[in-house]
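J.: Next up is a structure, given as structure tokens.
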Amino acid sequence: MSGHVVALSGGVGGAKLVHGLSLALAPEQLTVVVNTGDDFRHLGLHISPDIDSVVYALSGLSDAVRGWGRRDESWAFMAALNGLGGEGWFQLGDTDLAMHVERSWRLAQGETLSAVTARLCQALGIAVRVLPMSDDAVRTRLLTDAGWLDFQDYFVRRQCQPVVRELEFAGAGAAHALPEVLAALTRADLRAVVICPSNPFVSVEPILAVPGIRAALTATTAPVIAVTPIIGGKALKGPAAKMMAELGLEVTGSAVAQRYAGLIDVFISDASDAPLAAIDGVRTLRAPTLMSTNEDRVGLARAVLAAADGR
């Protein structure tokens with residue numbers, strides 16, 4: 001079926017479904033809107049972890065074993081940095097460094113993050129359109145039992161150990177959604193909006209916090225479909241399950257669906273989980289959501305597209 005699909009994605013889990021969608025659709029049929037609330041500066045470099053996860057997945061460069069970074073990576077830079085007593089808590093592989101250096105240099109020359117992302121995608125042969133949610137800085141921060149922490153401090157340096165009490169998206173209120181993002185969400189031929197199986201709190205909600213994006217999703221007549229990041233009461237990657245428990249939510253796909261209630265039309269939980277209880281205004285479906293292989297990714301993408309088409 002023709003029509004355009006917009007995917008909202010965070011990092012690893014979202015990038016896998018984005019890759020599956022790219023294999024199931026023609027490049028011109030897919031736009032990916034990526035969370036930049038995780039972005040930060042480290043060693044003088046602008047790091048965009050979720051954009052890089054999506055770009056590496058689409059280019060076939062991602063490391064399938066670690067789940068992040070580039071495959072066949074080497075670590076001479078980190079060894080040398082640690083030998084100098086440097087800030088080695090955030091791992092930067094030797095080939096991965098090129099992405100951060102190129103991005104940082106071009107941003108320093110006055111290019112926008114969206115323009116740099118498009119340039120990097122072109123260089124890596126990616127025909128799918130990949131858009132940051134905004135060219136303005138939005139930073140995810142967490143109130144924990146160790147105080148307010150920037151996301152990468154919580155996630156990487158402290159290994160998600162502090163207890164999360166509250167979240168904020170600093171700068172979101174003043175940020176501008178990328179015009180191309182809003183244009184994609186209001187296309188006349190919009191087939192579906194897909195909320196990928198990313199952490200709802202720190203990957204999806206920063207996107208929704210940028211003015212105009214949630215309103216565009218609410219206004220669209222195209223189906224909005226969310227895929228669970230929780231299987232069997234666990235998150236396969238990242239702190240989503242831990243955060244849900246600490247915020248007083250059940251660690252279930254149903255709780256994620258309730259979080260998105262009023263925004264989504266369809267919620268897909270894992271085939272191994274029990275059917276979800278009825279949620280007003282939301283059609284609930286089940287499908288295999290574990291994406292261990294490319295075949296798994298394509299299979300889930302096709303299930304999402306079938307749901308979009310009412311099948």
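J.: Of everything in region 266-285, what is in a loop (DSSP other than H, G, I, E, B) and either buried (at least 18 other Cβ atoms within 10 Å of the Cβ) or free of Cβ contacts under 8 Å to residues at least 40 places away in the same chain (or both)? Give them in sequence order.
T.: Ala271, Ala274, Pro275, Leu276, Ala277, Ala278, Asp280, Gly281
J.: Residue by residue through region 219-242, note down the ones that are assigned to a helix (DSSP H, G or I) and at pLDDT 95 or above.
T.: Ala219
J.: Same structure, new question: Within region 54-72, how many residues are touching a Lys or Arg at 6+ places or on another chain (Cβ under 7 Å), crowded, with 18+ Cβ neighbours inside 10 Å and under 21 Å from Ser203 (Cα atoms)?
T.: Residues in region 54-72 being touching a Lys or Arg at 6+ places or on another chain (Cβ under 7 Å), crowded, with 18+ Cβ neighbours inside 10 Å and under 21 Å from Ser203 (Cα atoms): 3 in total.
J.: I'd like the full set of residues that are among the aliphatic types (A, V, I, L, M) and closer than 16 Å to Gly238 by Cβ, limited to region 125-156.
T.: Leu142, Leu149, Val156, listed by residue number.
J.: Also, I was wondering about something else. Quickly run through region 100-112 and pick out the residues that are of a type in the set (A, V, I, L, M), out of contact with any helix residue (DSSP H, G or I) (no Cβ under 7 Å at 6 or more places or on another chain) and either in contact (Cβ under 8 Å) with a residue 24 or more places away in the chain or not in a helix (DSSP H, G or I) (or both).
T.: Once the filter is applied, which keeps residues that are of a type in the set (A, V, I, L, M), out of contact with any helix residue (DSSP H, G or I) (no Cβ under 7 Å at 6 or more places or on another chain) and either in contact (Cβ under 8 Å) with a residue 24 or more places away in the chain or not in a helix (DSSP H, G or I) (or both), region 100-112 yields only Val101.
J.: In region 224-243, what residues are surrounded by fewer than 19 Cβ atoms within 10 Å (Cβ to Cβ) and in contact with a Cys (Cβ under 8 Å, 6 or more places away or on another chain)?
T.: The one that is surrounded by fewer than 19 Cβ atoms within 10 Å (Cβ to Cβ) and in contact with a Cys (Cβ under 8 Å, 6 or more places away or on another chain): Lys242.
One line per residue, one yes/no per condition, for (1) surrounded by fewer than 20 Cβ atoms within 10 Å (Cβ to Cβ); (2) under 17 Å from the mean Cα position of the chain (by Cα); (3) assigned to a strand (DSSP E or B); (4) in contact (Cβ under 8 Å) with a residue 60 or more places away in the chain:
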position	(1), (2), (3), (4)
Asp38	no, yes, no, yes
Asp52	no, yes, no, no
Ser74	yes, no, no, no
Met78	yes, no, no, no
Phe90	yes, no, no, yes
Ala98	yes, no, no, no
Gln122	yes, no, no, no
Ile126	no, no, no, yes
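J.: Is one or more of the residues making up region 198-218 over 19 Å from Val282 (Cβ atoms), among the charged types (D, E, K, R) and surrounded by fewer than 19 Cβ atoms within 10 Å (Cβ to Cβ)?
T.: Within region 198-218, not a single residue is over 19 Å from Val282 (Cβ atoms), among the charged types (D, E, K, R) and surrounded by fewer than 19 Cβ atoms within 10 Å (Cβ to Cβ).
The values are calculated or read from the model by the stated rules, or taken from the named source; none is laboratory data. Treat the numbers as computed from the prediction; the structure is a model and nothing was measured. Using ideal geometry, Cβ is built from the backbone for each residue, glycine included, and neighbour counts are taken over all protein chains shown.
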